[in-house]
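Just so it is clear, none of the values below were taken in a lab; they were calculated from the coordinates. Small disclaimer: the values here were computed from a predicted structure and weren't measured. Neighbour counts run over all protein chains shown; Cβ positions are idealised from the backbone, glycine included.
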Amino acid sequence: METKKIELLETYLILYIDHFKVLESLKNPDDSDIVVLDVRNAPKQVKGDQIKGAVPMAAKDIADHLDELNPEKTYVVYDWTGGTTLGKNALLILLTHNFKAFELAGALEGWKGMNLPVEPAK
Amino acid sequence: METKKIELLETYLILYIDHFKVLESLKNPDDSDIVVLDVRNAPKQVKGDQIKGAVPMAAKDIADHLDELNPEKTYVVYDWTGGTTLGKNALLILLTHNFKAFELAGALEGWKGMNLPVEPAK
Amino acid sequence: METKKIELLETYLILYIDHFKVLESLKNPDDSDIVVLDVRNAPKQVKGDQIKGAVPMAAKDIADHLDELNPEKTYVVYDWTGGTTLGKNALLILLTHNFKAFELAGALEGWKGMNLPVEPAK
């Protein structure tokens with residue numbers, strides 16, 4: 001049973017990327033391999049703000065926009081909180097189409113809780 | 001590793017049902033295949049409100065009430081938030097007893113965050 | 001598919017321990033097998049309060065402090081909420097080093113939501 005637990009944790013955790021790596025990428029956005037996708041299914045008035053530099057791409061629409069993505073980049077998706085499934089839905093679509101992709105650990109809630117940079121939603 | 005990640009995401013996501021399908025069922029509750037179970041382990045004063053039409057069935061009691069459930073229905077369980085384990089506990093009991101069951105994506109927190117219909121807890 | 005779902009739920013749920021068992025251990029902390037670790041990566045001013053009797057051990061530092069842990073004890077880790085990955089990171093380190101360890105179901109958010117005992121963060 002411990003082996004199964006460890007395997008599950010290893011696979012689960014590798015779905016995520018830490019906010020440190022995303023923050024690092026914000027310093028030189030033009031040189032960065034990382035593109036942050038805001039996958040919330042909400043209009044910008046409802047979203048209010050977003051992670052600085054994020055590209056809005058609703059999880060419900062992502063399958064129709066895969067040709068706009070760059071296979072050389074690493075995509076980081078986030079939803080409102082870590083307890084929702086939208087980020088994982090988007091992640092599954094990206095991974096099954098061979099994109100490098102991760103979910104942001106802690107989601108937008110965690111990012112804002114640490115007072116990391118946001119901007120008005122696009 | 002990518003294959004393992006995709007397999008985990010696929011299995012994890014299929015545990016959940018989207019609020020759209022639950023909302024749809026609320027339009028014609030008498031004809032609906034879906035029954036929403038509020039599995040919070042709390043008295044109704046603490047719960048305050050609940051998803052409209054939900055049946056209260058605390059996760060801690062669900063194993064004793066399986067004979068009240070209808071094998072023809074699809075059960076949708078929810079807890080306060082998506083970050084708790086109560087919904088998954090209830091779901092495991094239902095699935096191991098061959099009921100069709102899902103956890104509500106986003107849980108009560110997400111439902112209320114989208115201003116979907118609630119009523120006083122029963 | 002149902003078998004895969006059940007297997008995932010079983011393995012996932014066994015990662016967690018319920019607040020009841022932790023509460024029980026607080027009654028006789030000197031006799032208890034359980035040690036609660038607050039694995040939040042934050043200074044105590046930011047943490048504010050913590051679960052009563054918890055030992056602060058930031059997830060980012062835990063790998064360097066394994067020699068301070070007792071292999072006879074059961075470690076219960078918690079982070080701010082259940083939607084973050086810090087608890088699971090700490091848990092993976094503990095389990096891979098053969099410690100008995102669980103994540104607290106509901107995390108600090110759930111504990112406080114039930115008005116269970118807290119104290120100023122250490």
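Just a few scattered comments:
- Relative to its residue count, segment C:15-120 spans a Cα convex hull of 92 Å³ per residue.
- In chain C, Cα pairs under 8 Å separated by at least six residues give a relative contact order of 31 percent.
- Computed from Cα atoms, the angle from the helix B:86-96 axis to the main principal axis of chain B rounds to 70 degrees.
- DSSP-defined antiparallel bridges as percent of all bridges, segment B:15-120, nearest 5: 20
- Calculated FRET efficiency for the pair C:Val118/A:Leu26, C-beta based, R₀ 22 Å, to 0.05: 0.05
- Shown for segment A:1-60: lysine pairs separated by 8 or more places, or found on different chains, whose C-alpha atoms are under 27 Å apart, numbering 12.
- Across peptide A:110-118, the mean count of Cβ atoms from other chains lying within 10 Å of each residue's own Cβ comes to 2.
- Quotient of the Cα radius of gyration of the protein assembly as shown and 2.2 N^0.38 Å, N being its number of residues: 0.99.
- Between segment A:36-98 and segment C:1-51, the alpha-carbon center distance in angstrom: 31
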